[in-house]
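Taken together, the values in this text are just the output of simple stated rules run on the coordinates, not laboratory data. The shown structure was predicted, so the numbers you read here are calculated from the model rather than taken from an experiment. Cβ atoms come from the backbone with ideal geometry, glycine included; neighbour counts cover every protein chain shown.
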Ligand code: 5AD
Ligand code: SF4
Ligand code: FES
């Protein structure tokens, strides 16, 4: 038995809690106590990042994937997906459009597509950096070898997103029957040691996920101290083995975002598209619970709907310029200010 008020205060002041305390908090927090958790998270993000919300342009350049994550609509076994792969020139065109709209960070995301070797991707990253030297390039392309990560870094990549997905080996193995938990953790360690700004994270509301599992995820983040933390609700996809499962809620995800903000106070945390897909104000609510990044889509409209990791994804028919302005309005309406700069972690400017 713990007092929730005491736990929240300790979390706010010390930026830390034990795993059992976190599990208790997650399992027992009341609606009223959630409001004070969100207030603490908001105060903390303001201390580090003021009112700014960083904008990243997301380019989903290939939906081809060799993996079979149980939850994901792009899994290799889903033969109903119409697969696509953007060319180098198409990717550079997305960046040209994005740069014109003011973006100074591009996030290149794909399934685990082996055709895109480190050499081919390196060539694209060099292309982006020579056209737009004042931009940051973030990769989100899954598990690769140390050597490939090194080559991509050498080509100019600055950041890398690789959600750990589940810090519990048992839950991880259930969700990824053909994948290796140790390899995933090693990838994150390799990325960090090479000098990338690294992002980890997980989904909320996975089947079989308990407060204990979520506490493990949060402790993992506390220990890894990534620069970026991606947390979103699990949304079931009908063409996966998890079709018919319940999925995560906006509310539970907000609680996880707020706790993550307090555990890693200087982190960059997106208000995810998945939040916006579950609730019309989902991203705004995430910003008010501690998130400080948004990642509007820059992919060509012709491929948008094909990048269907979950169903009901928003923005699939909207031009980049439309999303750029839509999201800016939302940021403002939530009481924040859009920032089009590179938006590096404040940790890079300190000795933390
Ligand atoms: N619902 C929500 N998020 C998902 N992801 C994959 N499938 C789903 C889904 N059905 C998340 C994973 C992955 C990120 C790119 O998208 O956490 O790392
Ligand atoms: Fe592939 Fe990523 Fe989907 Fe897993 S989550 S199936 S690695 S696209
Ligand atoms: Fe894409 Fe609102 S952000 S339509």
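Short-range pairs are left out: with C-alpha atoms under 8 Å and at least six residues apart, the relative contact order of the chain is 25 percent.
Beyond 17 Å, the tail of the calculated P(r) for the stretch 46-119 holds 57 percent of the Cα pairs. Judged by the mean number of other Cβ atoms found within 10 Å, the most tightly packed of the peptides 332-344, 234-246 leads the ranking 234-246, 332-344. According to the square roots a ≥ b ≥ c of the eigenvalues of the Cα gyration tensor, what is the shape class of the stretch 1-49, taking rounded for a/c under 1.5, prolate for a/b larger than b/c otherwise, and oblate for the remainder? Oblate. One compactness figure for the chain is 0.93, namely its Cα radius of gyration divided by 2.2 N^0.38 Å. As a rough guide to protection, the peptides 150-158, 215-223 ranked by mean Cβ packing within 10 Å, highest first, stand as 215-223, 150-158.
Computed extension gain for residue 340 through residue 130, at 0.36 nm per residue and net of the alpha carbon distance, reaches 73.6 nm.
Among rounded, prolate and oblate, which fits the stretch 1-82 when a ≥ b ≥ c are the square roots of the eigenvalues of its C-alpha gyration tensor, a/c under 1.5 means rounded, and a/b larger than b/c means prolate? Oblate, since a/c reaches 1.5 and b/c is not below a/b. From the square roots a ≥ b ≥ c of the eigenvalues of the alpha-carbon gyration tensor of the stretch 201-352, which class results: rounded (a/c under 1.5), prolate (a/b over b/c), or oblate? Oblate, because a/c is 1.5 or more while a/b does not exceed b/c. Shape analysis of the stretch 269-326 based on the Cα gyration tensor places the equivalent ellipsoid semi-axes at 20, 13, 9 Å, largest first.
Between 294, 107, 303, the GNM of the chain built on Cα springs shorter than 10 angstrom shows 303 fluctuating the most.
Rounded to the nearest 500, the helix-only mean residue ellipticity at 222 nm of the chain stands at -13500 deg cm²/dmol, with each DSSP H run of n ≥ 4 adding -39,500 (n - 2.57). Average 1/r across all pairs of distinct alpha carbons in the stretch 256-302, invert it, and you get the Kirkwood radius: 11.2 Å. Distance from the alpha carbon centroid of the stretch 178-213 to that of the stretch 1-64 works out to 19 angstrom. Helix 320-333 and the longest principal axis of the Cα set of the chain meet at an angle near 20°. Mean projected area of the Cα convex hull of the stretch 115-237, taken over all directions, amounts to 8.3 nm².
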